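For reference, the structure discussed in these notes is given below.
Read-outs throughout are calculated quantities, based only on the coordinates presented, and are distinct from any laboratory measurement. Because the structure is a prediction, the values reported are computed rather than measured. We place every Cβ from the backbone using ideal geometry, glycine too, and count neighbours over all the protein chains shown.
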Amino acid sequence: DAYFENGVLWYNSLSGLPVTLYTRDGGKETPEIPGPDAFTAQLGYAVDCLEKNVEPETISGQSGRNSLHICLQEAESVRTGVTKEV
């Protein structure tokens, strides 16, 4: 959620629902957002680089590995209740 003076912008990627703007006066709008879903576009770009055997220009394999490591450590922490160093 993003809170502003005249409304709230709501989005939850897990819900499958579109971005929604709730206005101060009780209105509700679903703004049209151009372009592809960012996550899908990033995955497509990564797959394309793998298929062409080229190093990505925007993110390295090491960066992806580091991100995966953090996610796995977070999941382990949630499962065990123990804080993990990353």
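Please give the strands (runs of 3 or more DSSP E) falling wholly within the stretch 2-82 in which 3 or more residues are in contact with a strand residue (DSSP E or B) (Cβ under 7 Å, 6 or more places away or on another chain) and not hydroxyl-bearing (Ser, Thr, Tyr). Talk me through it step by step, then tell me what you get.
Numbers: elements: 2-4, 7-10, 20-23.
Here the list reads 7-10.
Yes or no: the stretch 16-37 includes at least one residue that is among the hydrophobic types (A, V, I, L, M, F, W, C), touching a helix residue (DSSP H, G or I) at 6+ places or on another chain (Cβ under 9 Å) and surrounded by 11 or more Cβ atoms within 10 Å (Cβ to Cβ). First the steps, then the outcome.
As a first pass, look at the stretch 16-37 and keep what is among the hydrophobic types (A, V, I, L, M, F, W, C): 17, 19, 21, 33.
This time we only want the ones that are touching a helix residue (DSSP H, G or I) at 6+ places or on another chain (Cβ under 9 Å), so: none.
Checked against the condition, which is being among the hydrophobic types (A, V, I, L, M, F, W, C), touching a helix residue (DSSP H, G or I) at 6+ places or on another chain (Cβ under 9 Å) and surrounded by 11 or more Cβ atoms within 10 Å (Cβ to Cβ), the stretch 16-37 yields no hits at all.
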